[in-house]
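Take a look at the structure set out below.
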Amino acid sequence: MKEFQPIAARPAPIKTVGFTAWLRDNLFSTIPNAVVTLSVIALLAYYLPLIFDWAFWSANFTGTTEDACVKEGACWVFINAWSYQFFYGTYPVEEVWRINLTLVLLVMVIAASFTLPKSIRLKASITSWLLLPVVGIAILDGRLLGLEVVSTDLWGGFTLNVFMAAASIIVAFPFSFLWALGRRSEMPFIRSVSVIFIEFFRGVPVLSLFFMGSVMLPLFFAEGTNVDKLIRVWLVLIFFMSGYMAEVFRGGFQAVPSGQYEAADSIGLSYWQKILLIILPQVIKVSMPNILATFVMLFKNTTFLLIIGIPEVVQTLQTALSNSYWLGGHALEGYLFVFLVFWGSCFSMSVLARRIERQMNTDKRD
Amino acid sequence: MFKQKTIEEVKSASRKSSSGTTSNAFYNNPRIRGFFYQIALIAGLLYFFGTIIGNTLANMEATGIKTGFDFLGAAAGYDVLMSLISFESTDTYGRIFVVGFLNTLLVSAIGIFFATLLGFVFGVAHFSHNWLIRKVALVYVEIFRNVPLLLQVFFWYFAVLSSLPGARQSLSLGEAVFLNVRGLYMPKLIGGDLSSLVWIALGAAVAGIFVLRRWAKKRQELTGQQFPVLKTSIAMVILFPLIVAALTGFPFTVEYPALKGFNYFGGITVIPELMSLAIALSVYTGAFIAEAVRAGVQSIPHGQTEAARSIGLRENKIMSLIIVPQAMRVIVPLLNSEYQSLVKNSTLAAAVGYPDLFNVFVGTALNQTGQAIETIFMTIIVYFVVNMVISFLMNRFNNAVALVSR
């Protein structure tokens, strides 16, 4: 008997599988779609080579002075020559290890709050976070540690943006938590004070807050006290940040089911035990993506410090652009560079925020 | 932290409290506690503000700063770069306040208009069937959302607009619109005697659209017949003023910008400061609005689209009749906060020297008069009021699109 031999299955039509199918579905599904695709490709084909040529092939990479820029493309020598100032401002070169040390400490504290064993993680990381601004300022300023004093006029560059943002959000964290609790409080006066505070700092343009810090705040201190400008701005940033973060935490509090509060009450925890041991860890977990988003906003806003004359990175760039040895018009290179630095840091943080959000979503589904 | 207690201990503890010993004391009563906390807060705040006010008065006396709002009537003595109402350097600080306020409104209005446009275009583009378009939308949002606004303002101002050609080599569009390093020059319509009639006709046409829409909706509900509302309204808005203009003999003259000496004169001039600020605000806020639109559309369950397909709606009708009206419920509150932050961000005018309220008042007037508290608070109040108006309008709009529950 002849064994049944099925004919081999015919391959799927070429139109429905593989690359051509993808092309048909995604780029050329209809005639208008094909027209759009072709015009986008044409635009890219025209501009991308020009951009690449400017940025890479006919760009100048080596050298130390403006004379080294002989080719007509970008003059990356400018960025190279000023890179120290862009990152560290006018901080003395022989003391720059202090900035690097502070950066390392910052990274270590961030790493510690994710990797420490669970039993000590919360306490250890909260302590190190709260100590970090104090230690950082002590290292950078040097007065308390017996190092050479570096006055705050010399601090600057991109690291100043990072430090201002980090120091503000760390100190704002406990405050914003209190404001958020105040806004949820049942005591009418405490609630209205919290609401007024939060809405004031959220409703006012951040620039006017900086002006308050630089022009109005000195009037508030007792006669003769002279508070450093950077510290005044820091105070303003802390207030600004705690207003925004309070709203983030309020969202977090609302996301914690009321059963959690009731359960904590029923096992006889006091108010602060309930808040700190039961509610806060859950609030921080739920609000993590929003905290990161708020931090990105704060980080971007640190560039506004330029307006009141603090030498953060954009201000440094403008100084470099008006330097008499570099008058060849490097605005495009300079701004593109700072653009990319900020974009890199903010984009990676928003990717991180999105990843955390996705992880939390799966938690809920389980 | 907590010792394990035996049943006996717990029982005795609860017996103790019910028999009215320590834990029923007055300081354990939450109401009395709350009362004292609030008293403490009031006392603290009073002390805080008392110290601040005392220090401020003492400091102002020591440095000889005047107080009060008399300075508003004094001559400002400086000129502003751009003004929507006539302004000379002999005018008062009060008038400069109005000039700055109008400039702020102008740049905010331009910014809100273009940001909404960009945001909706790129937000919807995220759902395009075309892979390239989707990627372009993604790149736009991710680039411009993640770079500080100030940097973008500078980028447009110093790196793009200042590399435009000079007046003699201006880029031109049909010899009517010119773009050069000094700004954008556009023709201006100057109305003659009867021109107000044309504007009235335009207004009537716009009012007519609302009547038409209402009538068309009613007719559709009664008879099921649809009326081409969009085409008719476009025709109305264009044709009606045109007919009136023709009847009155075109009472307009067009003033074209013309090159005289080193620059263009006449027509409408948009200074590069305004341009860079408006572009940066629109592009930056547009990226956020695009995200809001995307979130809104994504919040609609896919079943809605499938249900709409199954009753035979065409794809574009599904978008406009089913998806967008529901997505608006998510989008409008987000739009509200984006518009408010756009208005607040317009203070960045100070960075490029566009004379908005913040720049002319907190920048220059404060510098000249030294009256920090008055100028800063007057300015802040204006931003509060503008944002409250935006919030009020958007909430009205939100009520219109919100889910009507029975």
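No lab work stands behind these numbers, since they all come straight from the coordinates. Keep in mind the model is a prediction, meaning the values are calculated, not measured. Note: ideal-geometry Cβ built from the backbone for every residue, glycine included; neighbour counts use all protein chains shown.
Some notes on this structure:
- Sorted by Cβ neighbour density within 10 Å, fewest at the top, the residues A:212, A:108, B:60, B:275: A:108, B:60, B:275, A:212
- Exposure proxy order (Cβ contacts within 10 Å, fewest to most) of A:27, B:247: B:247, A:27
- Sites residue B:250 and residue A:322, calculated FRET efficiency, Cβ-Cβ separation with R0 41 Å, nearest 0.05: 0.20
- Equivalent ellipsoid semi-axes - Cα gyration tensor, the stretch B:55-160, angstrom: 45, 19, 13
- Partner shielding of A:215-226 amounts to 5, given as the average count of beta-carbon atoms from other chains within 10 Å of each residue beta-carbon.
- Helical segments meeting 27 Å axial Cα length and Kyte-Doolittle 0.5 threshold in chain B (DSSP H): B:30-63, B:93-125, B:195-223, B:272-298, B:372-401
- Across chain A, C-alpha contacts under 8 Å between residues 6 or more apart give a mean separation that, scaled by the residue count, equals a relative contact order of 17 percent.
- Under DSSP loop assignment and at most 15 Cβ neighbours within 10 Å, longest GluC sites (Glu not before Pro)-free interval of chain A: A:224-366
- Using the empirical formula 2.2 N^0.38 Å as the baseline, the Cα radius of gyration of the stretch B:191-249 reaches a ratio of 1.37.
- Among the trypsin sites (Lys or Arg not before Pro) in the stretch B:270-372, those placed in a DSSP loop whose Cβ has at most 11 other Cβ atoms within 10 Å are B:314.
- Residue B:268 long-range amide H proximity, modeled H, under 5 Å: B:186, B:188
- Two-site label geometry, residue A:45 and residue A:84: point separation in nm, points 7 Å out along Cα→Cβ: 4.8
- In plain terms, if you count all Cα to Cα distances in the stretch A:275-366 and split them into 10 Å steps from zero, the share in each step is 14, 31, 24, 16, 10, 4, 0 percent.
- A compact globular protein would have a Cα radius of gyration near 2.2 N^0.38 Å; the ratio found for chain A is 1.33.
- Shape class for the stretch A:156-365: oblate, because the ratio a/c of the largest to smallest gyration tensor axis (alpha-carbon atoms, square roots of eigenvalues) is 1.5 or more and b/c is at least a/b.
- Cα gyration tensor shape for the protein assembly as shown, rounded if a/c is under 1.5, else prolate or oblate: rounded
- Calculated FRET efficiency for the pair residue A:123/residue B:63, C-beta based, R₀ 60 Å, to 0.05: 0.80
- Between residue A:104 and residue B:89, the simple spin-label model (points 7 angstrom out along Cα→Cβ) gives 5.7 nm.
- Centroid-to-centroid, using Cα positions, the stretch A:61-139 and the stretch B:50-125 are 38 Å apart.
- Relative contact order of chain B, pairs being alpha-carbon contacts under 8 Å that are 6 or more residues apart, as %: 21
- Using the Cβ-Cβ distance between residue B:377 and residue A:15 with R0 set to 60 Å, the FRET efficiency from 1/(1 + (r/R0)^6) comes to roughly 0.30.
- Working from Cα pairs under 8 Å separated by at least six residues, relative contact order for the stretch A:295-366 is 24 percent.
- Range in chain B, longest, excluding exposed chymotrypsin sites (Phe, Trp or Tyr not before Pro) [loop by DSSP; at most 10 other beta-carbon atoms within 10 Å]: B:3-261
- Extension gain, residue A:260 to residue A:68: 0.36 nm times the residue separation minus the Cα-Cα distance gives 62.5 nm.
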